[in-house]
Every structure is written in structure tokens, then in C-alpha cells.
There are 2 protein chains.
Amino acid sequence: MNVTGHTRRPASIRDVATAAGVSYQTVSRVINGHPSVRPSTRERVLAAIDELGFRRNATALALASGRSRAVTVLTANTTHYGYASILQGIEEAARAASYAVGIGVLESADDAAVAAEVQRAADAGGGLIVIAYDPAGVRALAAVPDALPVVGVVETPASPPGGDRPWVWTDDREAAYQATRHLLSLGHETVHYVAIPSSTRRTSARTSGWRQALKEAGAPESRPVQSSWGPAGGHAAGLKLASDPSVTAILCGNDDLALGVLRALHETGRSVPGDVSVAGFDNAPHSAFLTPSLTTVRLDFTGLGRSAFALLHGVLEESAQVAPHPVSVPELVVRESSGPPPTSR
Amino acid sequence: MNVTGHTRRPASIRDVATAAGVSYQTVSRVINGHPSVRPSTRERVLAAIDELGFRRNATALALASGRSRAVTVLTANTTHYGYASILQGIEEAARAASYAVGIGVLESADDAAVAAEVQRAADAGGGLIVIAYDPAGVRALAAVPDALPVVGVVETPASPPGGDRPWVWTDDREAAYQATRHLLSLGHETVHYVAIPSSTRRTSARTSGWRQALKEAGAPESRPVQSSWGPAGGHAAGLKLASDPSVTAILCGNDDLALGVLRALHETGRSVPGDVSVAGFDNAPHSAFLTPSLTTVRLDFTGLGRSAFALLHGVLEESAQVAPHPVSVPELVVRESSGPPPTSR
DNA sequence: CTGAAAGCGCTTACAG
DNA sequence: CTGAAAGCGCTTACAG
């Protein structure tokens, strides 16, 4: 509102042109950093821009140029630690590059619902980043039309679900391998695994890293306990495992699951790590403050999100520096929840 | 890509018009549900739309009409439980209304940085929802130009920081009051408070609800321990309080803080709830699975997000049903972490 | 170095 | 009920 109470229309390049005494094409050249503008002209235009508080209309820019400096993140979830951290990383990088970031939640893995969400994301213009850690995400990545610039954040790089699309990933397999080796090295006969939902029907990277470590050690391999993403699922899985007295070490697909497992062991009177050792995954903020504090594997999800954006940025603007996007190395964090197995048995 | 390998330009209303043998204005009428179109004409247009896979270009729509069916959420954080849940609620409601949702993170509360983020959000077009739970959010809400449609998610409705802007809120004061009364009713002489950062210099709603309950009970009032949002802050505050043997009940500004307090009490050998009772705030997913499980107050952040969107939707489209946005009633959830004070003292 | 023209894909009056 | 014109605020060739 201005003083007279009327809503003032934002200044356009024509307003700026009038104020600076040039044509609006010249204003366009100035705001686009075009070289062939006389310095004195540029000064006048810049002064007018400043005076009028001109901001280039992003919608008009997008329509006229076909480029839109926007990215939409497609994800099945926004609150779990891993997903939320990836989103945070993408937003950080996008903001630094002056990109708008949109978000679309895949509420269902149903093909029609996924297709509709992909369409909505495409309508927004710009590029797409799809978090393909679950069936909905995997299907969304596959449903993105070929013409759309897209980057997938995938669980495992072997035959990525996005086909030949660019993708980023963390080495979950290596991380699970490390955590399992840690537990075995403490003297446990074997390690049981409580799994997060898999992105596909195939064995997940975390599961296969766990299996590999067991195999190399010649340890007996049990069936992974399939669970959900949250503490409630971990609790249910924990109760199941607690009923088996031979279980002395449990690796959990994430720290929330581990939280539920710890609770289940407490309820069934098994001490941690005295009777049972527990390890998580992700190094979520709470893991250091649980009692017992949680042994886990740190994964750099925020960095993963930044890398995903950098990759997309490179696809969208040939001029953009495609920063190398190193796969971050998972790092084992040993805390109180893991220790040697009970000696008396 | 089509079979020849060329990227096919998406169909425009002119393409549809040609295919249907009408003018493109008629196509516009059909996609806008304009009544005065002969049924047979409408049929032909609809068939052409279907055949060509036409989708109305959102950018052109926005430029031509001035409306944009988009909302940008401005927030200082996307990962903490309350913030993330509000965002989730907004996204749900926006998706149901076919609105695009954008997100801008306020990394700094610095005036210039906040102003820049508000500008970026305004550039995206559409409406704004500002989460004003912290200084950055409060400043952002205040910095939104009058002409922009905006809804604030505020901590307390008394003299809302957004001035006369529409806002939504949860009754944090009542929630803190309930939790404090619960602890006092168990026989504690008083209740100490570990505070999340306040949105302003004024006393927060949670703090004042706690104070009111103490005052009504004639309980001695201590200074709130100022903390951060996460477990680490709770841990530090917990260590401080644990050093005072007279402390028997602690209310925490959120469940993450409570998690850290529980850990601190464990480290200092105080049992919960035997020696000290602890209550949290928010009913985050992990609170039921901590050991001891956490007494807390449930707040409906997702519903709050949905309400914020409904309110904005009403502002943006006069035609839209402005669903009533009831302030959800906080609900005390009593679990293991609260009990009577130690008898021997 | 700078201006006049055409166009991005739509909508909004204005005719008929 | 339907079509021709003008315009949203920019960019992109095309002139000069």
C-alpha cells in the first residue's frame, strides 16, 4: 500500500526504462549483465532500479526464457531424520544459487497417485530431485518424463532405478558392513538385523552390507526382521528378538528403530549392552543422548542433499560449475550401547 | 523425447484448438469451466486435450491472470519436530487444493538476511506462510510487504507480531499450565522449567503458563533455564539442575530437551521419576519409547499447518471455503517419567 | 552501444 | 455461444 491506500503495482522494466530515459530492452541488458552497455547508461539504469525498488518478475522471466531457476523435491516423507536432512541440504544449496525450492509429498505408492504428483512437480517448472529411498520414490523417479531434468537420491548405485539419470547416494552397504564388523569384533557370535522398509523388492544396500560382514566372518545368518521407519516398529521388532535368548547383538536400520529396540529390551529385562548390544544408523541428534547412548553410523545426509542440487544445477545450466559430489564416507560412532557379549552362557 | 529423438514441445492451447477445430479462446473457456460453451464443442475440446496430453502452463497462467496457486513457507528450521510437522500439514492441505508449495529457510535472524529471504519468497508469487516461533520468523513476518497475502503461525495470539495479519496458533500457555499442574498435583513443592528459545524478548506462552500454575499453587518460582531446541541443550540444562538437590520436577520446552535432561539426570545418578520427575512438550514420536517413557503434552502441529493453509487459501480466493481453524486443544499424556516426589527429605 | 518487433502461453475484456 | 485483439513482464533475435 502506498500513502493513498492503493496497492502499488511493482515496478516493471518499462517503469525503470522511463525513469532512466532508455528503452526497456536496455534495462533487460543491464539486469542480465550483458556486456555491451555504455557504463554511464548502466549507471543510470542501476540508479532507477534502486530508486523504484525494481525486482525482475520471475514468472515473466520463466515464460519468456524457458528457464526457471527452481527445483522441486519429490519425497515420500519430510519428517524422518534422513529425508528431512536431505531436504535441508538441498534447500541450502538452492538458496545459495538463488533457486526456488518446491516440495511435493508422495503420499501413496499407487501408480496413478505417483504419476499425478510427478505431473504437479513438472508443472512447477524447473528441475526435479526425487528421493528414491522407498517404493513411492522409486516409482516417481521412473515416471519422470525423459525431457525433464532430474536427479535421483538413491539407495544403491547398482542399476539405479532411475535408469541412466544422474543420481547421488551414500554408501549404505559399506556403513552396514562397518557396523556389523564392529559388533562381531566385540565377540558376538552373530548379529541380527532390524530392517527399514526397502525401496524395492531387491535386497537393500544396508541388508547386503550386513550379510557380507556375516559371511566373511563365517557367522550364522538370520532373517532380517522387516520393520517400519519409526520407534514403534523398532519396539515391535525388539520384542520379537528379545524372546530369543540367543540374540546378543542387534543392528537397526536407523536410530529411531534402535530407540524402539532399546525400549523393548528394557521392558523384557535385557540389559544393554550387558545382555544385548544395539547399533543404529544415521547418527540422528538424539542418539548421543539416549540411555544407553547409541552406537551408530554417521551418514552425511545434508551433504548428500547439497550434492544432489549441485548435480541438478549442472544439468540445468551448462555454465554452472558441477561441483564434484563425492560420496561421503560413512563413519562408525561407538557409544555405550555396544559391548562384548555376556560371558556366561 | 519422441521416436525421432527430438524433445517434443508440450501442447499449448493453440495446438488443442487446432486439433479440435476451434479457436484457442474456446479452449481457454473449456479449461476454465466457463459455462457458455456448447456441449458438443466442449466434448471435442476435451477429447483433443486428452489426446495431446495437454496441461495448462502454470507460468503463463500466473503471468496472464496474476494468480498463482502457490504458497511459500518461510521458516527458520525444517527438521525440528514441531516445525517439520507444521510443514507437513501445510503441504497436505496445499496438495489437496492443487497448490504448489515452496520453502525458504531463514538461516539468520539478521535484518538484511531476513529481508532478502522475504523478497525471494515474494518473487515466487502466491501467498506466504511464516512460522514465527523464533526471532528470525518474527522478523520475517513483520517484514512481509502489506500487499502480500500472508498467514503467520505464531506462538501467542496476544498482540501477534504480525500486526493485524491473520494468524494461527496452539494454546501453548494452556499446555504448559496443564503440565505444570500435573506435576504439582503429584506433590512436588515446585516445578523447574527448561525453556526453548523465545520468539521475542517477552515471556513466551509456555513460560507464562508454567508461571501461572506455580502462582496459583503458591509454589516458589525459579528462573527458567534458557536452552536451545535440541537434546544437547537439554543435557546442559539438566546437568545444571541436577546439581541442585532440591529440584524434584522439571518441565521441558520440548521433548528433545527432555531427552537431554533425562540423560543428564542419569549421568548424575538421579533416578526418574524416583528422585526427579520430568515432563516434555509436543509428544514427539520418540517420547513414548524413551526409558522412562516421557510424560508430555500433545500438540497438533500438523493440524495447525492445515489450518494455516486453509486461512491463506481463504485470503487468496474469496470463493474458497475458509474452513474454521479451531485452535486444537493440548492434551496431557502421562507416562513413566512423572511421579510423586521422593518421600524422604 | 541501443532501439523496435515478435513471441513465450495464457487470460481478459470486447465484439458479434 | 464463439472469435479477434490486447496484454501480463519479460527475452530473443533483428536492425541500425
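Taken together, A:90, A:86, A:103, A:131 contain a single residue that is within 11 Å of chain B (Cβ to nearest Cβ) and without any contact (Cβ under 8 Å) to a residue 60 or more places away in the chain, which is A:103.
Within the stretch A:185-210, the set of residues being of a type outside the set (Val, Ile, Thr) and either surrounded by fewer than 19 Cβ atoms within 10 Å (Cβ to Cβ) or on the phi > 0 side of the Ramachandran plot (or both) comprises A:185, A:186, A:187, A:189, A:197, A:201, A:202, A:208.
Looking at B:203, B:190, B:180, B:207, can you tell me which residue is among the hydroxyl-bearing types (Ser, Thr, Tyr), within 30 Å of residue B:309 (Cβ to Cβ) and in contact (Cβ under 8 Å) with a residue 24 or more places away in the chain?
Exactly one residue qualifies, and that residue is B:207.
Across the stretch B:30-64, the qualifying residues are those that are among the polar types (S, T, N, Q) and within 14 Å of chain A (Cβ to nearest Cβ), and the one among them that is farthest from DNA strand C (Cβ to nearest atom) is B:59. Among the residues that make up the stretch A:61-73, is at least one of them surrounded by fewer than 24 Cβ atoms within 10 Å (Cβ to Cβ), in contact with a Gly (Cβ under 9 Å, 6 or more places away or on another chain), of a type in the set (D, E, K, R) and farther than 25 Å from residue A:208 by Cβ? Yes - at least one qualifying residue is present in the stretch A:61-73. Of the strands (runs of 3 or more DSSP E) lying entirely inside the stretch B:204-312, none contains at least 1 residues that are farther than 29 Å from residue A:267 by Cβ. In this entry, residue A:338 is excluded by the filter for residues that are polar (S, T, N, Q), surrounded by fewer than 23 Cβ atoms within 10 Å (Cβ to Cβ) and either within 26 Å of residue A:207 (Cβ to Cβ) or touching a residue at least 24 places away in the same chain (Cβ under 8 Å) (or both).
Among the residues of the stretch B:165-189, how many are in a loop (DSSP other than H, G, I, E, B), touching a strand residue (DSSP E or B) at 6+ places or on another chain (Cβ under 7 Å) and modelled with pLDDT of 95 or more? Walk me through it before giving the result.
Of all residues in the stretch B:165-189, those in a loop (DSSP other than H, G, I, E, B) come to B:165-166, B:169-171, B:186-189.
Checking which are touching a strand residue (DSSP E or B) at 6+ places or on another chain (Cβ under 7 Å) leaves us with B:165-166, B:169, B:186, B:188.
Restricting the remaining residues to those that are modelled with pLDDT of 95 or more gives B:186, B:188.
Residues in the stretch B:165-189 being in a loop (DSSP other than H, G, I, E, B), touching a strand residue (DSSP E or B) at 6+ places or on another chain (Cβ under 7 Å) and modelled with pLDDT of 95 or more: 2 in total.
Scanning the stretch A:251-260 for residues that are at the interface with another protein chain (Cβ under 9 Å from one of its Cβ atoms) and of a type in the set (A, V, I, L, M, F, W, C) returns a single hit, A:259. Residue B:89 meets all of the listed conditions (1) near DNA strand C (Cβ under 9 Å from one of its atoms); (2) of a type in the set (Gly, Ala, Ser); (3) touching a Leu at 6+ places or on another chain (Cβ under 7 Å) but one, namely (1). Quick check: anything in the stretch B:111-125 crowded, with 20+ Cβ neighbours inside 10 Å, in contact (Cβ under 8 Å) with a residue 12 or more places away in the chain, more than 9 Å from chain A (Cβ to nearest Cβ) and not in a helix (DSSP H, G or I)? No, that holds for no residue.
The values are calculated or read from the model by the stated rules, or taken from the named source; none is laboratory data. Since we're looking at a predicted model, the values are computed, not measured. Cβ sites come from the backbone with ideal geometry, for glycine too, and all protein chains shown count toward neighbours.
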